[in-house]
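Asks: Quick one: this structure, given as structure tokens, is what I'll be asking you about.
The values are calculated or read from the model by the stated rules, or taken from the named source; none is laboratory data. All values reported here derive from a predicted model rather than from experimental measurement. Please note: Cβ atoms are built from the backbone with ideal geometry, for glycine as well, and neighbour counts cover all protein chains shown. These accessible areas exclude ligands, DNA and RNA; they are computed on the full protein's heavy atoms, side chains included. Shrake-Rupley method; radii C 1.70, N 1.55, O 1.52, S 1.80 Å.
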Amino acid sequence: GKKSATLASEFKEVTVGDFYREIFPIGSFERAGHKEDRKPNAIIVDISEKIAVNHIVFDDLGAFSECKGIKFAISNTIAYSGRNRTKKNAYSLYGFIIDLDYVTDYTLGDLIFQMEGGVIPMASYLVNSGTGIHVYYVFNEPIPLFDWLVDPLNKLKNALTDIVWNQYTSVEKEKQFQSIYQLFPGWQPLQ
């Protein structure tokens with residue numbers, strides 16, 4: 001639709017591989033078959049069937065390509081130490097994802113205008129999610145998810161959401177504040 005055309009005219013389209021590699025640089029995760037690396041991994045959750053299936057993302061990021069055909073695969077910007085996506089296993093955070101709902105062609109233009117004007121911090125990526133936009137802020141370095149850091153990180157993400165989601169960027173007045181642990185569908189992003 002028109003939102004995709006606006007994004008394509010304003011930003012450079014990137015491949016799925018480049019998108020995830022920027023979020024998770026080389027060396028972020030354990031290599032497949034190399035438990036001696038003793039590193040965390042991202043997890044993609046396939047929820048297209050009755051039972052959710054976890055796909056472990058190794059350092060080659062191949063799981064993102066392998067999961068491309070899955071009807072509903074979700075992930076986030078967290079590395080986990082272990083094979084299960086639990087708060088206890090959350091190891092490090094690589095960025096914030098803000099789910100900005102009910103973005104029209106007009107409010108998308110305003111979102112871009114506010115980012116270019118410095119009203120809203122410039123996003124690393126904007127991804128068309130259908131009725132909304134997923135706004136990615138990728139960190140320069142991952143942040144360790146110590147228990148004492150989770151609450152301040154959630155407060156920071158909520159404050160950023162409050163700035164990004166305003167009367168000009170969404171037609172929905174009821175803002176949604178989501179935890180750093182929130183999962184999002186995979187897609188073809190624009191930068």
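Asks: Treat every Asp and Glu Cβ in the chain as -1 and every Lys and Arg Cβ as +1, leave all other atoms uncharged, and give the resulting dipole magnitude about the Cα centre to the nearest 20 debye.
Replies: It comes to approximately 480 debye.
Asks: May I ask you to order 42-50, 16-24 by the average number of other C-beta atoms within 10 Å around their residues, highest value first?
Replies: Packing order, densest peptide first, comes out as 16-24, 42-50.
Asks: Another one. For the range 62-169, what percent of Cα pairs sit more than 20 Å apart?
Replies: 48 percent
Asks: Okay, moving on. On average, how much accessible surface per residue is there in the chain, in Å², for a 1.4 Å probe, leaving out ligands, DNA and RNA?
Replies: For the chain, the solvent-accessible area averages 53 Å² per residue.
Asks: Taking the C-alpha atoms of the range 77-127, how large are the radius of gyration and the largest Cα-Cα span, Dmax, in Å?
Replies: In order Rg, Dmax, the Cα atoms of the range 77-127 give 15.6, 43 Å.
Asks: Is it possible to state the helix-based mean residue ellipticity at 222 nm for the chain, with each DSSP H run of 4+ residues giving -39500 (n - 2.57), the sum divided by total residues, to the nearest 500 deg cm²/dmol? What is it?
Replies: The per-residue figure over the chain is -8000 deg cm²/dmol.
Asks: Can you pull the percent of the range 12-154's accessible area that's carbon plus sulfur, 1.4 Å probe, other chains left in place?
Replies: Heavy-atom surface of the range 12-154 belonging to carbon and sulfur, 1.4 Å probe: 55 percent.
Asks: Now for a separate question. For the range 21-84, compute the orientation-averaged projected area of the C-alpha convex hull (one quarter of its surface), in nm².
Replies: Computed as one quarter of the Cα hull surface, the answer is 4.2 nm².
Asks: Here's another thing I want to ask about it. Which whole-percent values make up P(r) of the range 111-191 when all C-alpha to C-alpha distances are grouped in 5 Å steps starting at zero?
Replies: The distribution over the range 111-191 is 3, 12, 21, 27, 21, 11, 4, 0, given as percents.
Asks: Right, another one. Nothing charged except the Cβ atoms of Lys and Arg (+1) and of Asp and Glu (-1): what's the magnitude of the dipole of the range 55-160 about its Cα centre? Round to the nearest 20 debye.
Replies: Its charge dipole is roughly 480 debye.
Asks: Let me ask something else about it. Could you tell me what % of all Cα pairs in the chain have separations over 26 Å?
Replies: Of all Cα-Cα distances in the chain, 32 percent exceed 26 Å.
Asks: Here's another thing I want to ask about it. Eight or more residues apart or on different chains, and alpha-carbon atoms under 26 Å: count the Lys pairs in the range 34-191 matching that.
Replies: Counting lysine pairs in the range 34-191 gives 22.
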